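Trainee: Please read through the structure below; I'll follow up with questions.
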Amino acid sequence: MADPWRYGADGVSIAVRVTPRGGRDDIDGVETMANGRAVLKLRVRAIAEGGEANRAVTELLATQLKVPKRDVRLLSGATSRIKQIAVNGDPHKLGLLLRALAAAPSDDGDPA
């Protein structure tokens, strides 16, 4: 399966599919859509109104990728579930983190 992110000189560009009002802020792995495009599945508690879900998406990615919020920005898809997000930083490091986050099962329970 192809990665839903592309490497650039100053970071990565990530294709995401967002589920607003998803009950929690989390990354649910990678999905291949019907058109063959790979996307990183995200869910956020925020509603898709007034930019709340977009803000929650950028904050979630900043936290998970350990970068400042200012380094994560929406490139396209402001009113769509499918969005393109740019993350500034070391592309190699970001790619490794994304691969780990996409592969890790989400932990809904208590720590073992």
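Trainee: Name the residue that is farthest from the chain's Cα centre (by Cα), counting only residues in region 13-56 that are closer than 12 Å to ALA102 by Cα and of a type in the set (Gly, Ala, Ser).
Mentor: Once the filter is applied, the top-ranked residue is ALA38.
Trainee: Go through LEU97, LEU65 for me and flag whichever is touching a helix residue (DSSP H, G or I) at 6+ places or on another chain (Cβ under 6 Å), under 18 Å from PRO4 (Cα atoms), free of Cβ contacts under 8 Å to residues at least 40 places away in the same chain and open to solvent by less than 20 Å² (accessible area, probe 1.4 Å).
Mentor: From the options LEU97, LEU65, the qualifying one is LEU65.
Trainee: Are any residues in region 45-62 open to solvent by less than 50 Å² (accessible area, probe 1.4 Å) and closer than 18 Å to GLY22 by Cα, and if so, which ones?
Mentor: Residues satisfying the conditions are ALA46, GLY51, ALA53, ASN54, ALA56, VAL57, THR58, LEU60, LEU61.
Trainee: Continuing with this model, one more query. Restricting attention to region 21-44, and to residues there that are within 24 Å of LEU94 (Cα to Cα) and in a loop (DSSP other than H, G, I, E, B), which single residue is least open to solvent (accessible area, probe 1.4 Å)?
Mentor: If we take residues in region 21-44 being within 24 Å of LEU94 (Cα to Cα) and in a loop (DSSP other than H, G, I, E, B), then VAL44 is least open to solvent (accessible area, probe 1.4 Å).
Trainee: When you check ARG17 against the structure, is it open to solvent by 10 Å² or more (accessible area, probe 1.4 Å), in a strand (DSSP E or B) and not aliphatic (A, V, I, L, M), yes or no?
Mentor: So ARG17 passes the test.
The values are calculated or read from the model by the stated rules, or taken from the named source; none is laboratory data. All values reported here derive from a predicted model rather than from experimental measurement. Quick reminder, even Gly has a Cβ in these numbers, built from the backbone with ideal geometry, and neighbours come from all protein chains shown. Just so you know, the surface numbers come from the protein's heavy atoms only, side chains and all, with ligands and any DNA or RNA stripped out. Shrake-Rupley method; radii C 1.70, N 1.55, O 1.52, S 1.80 Å.
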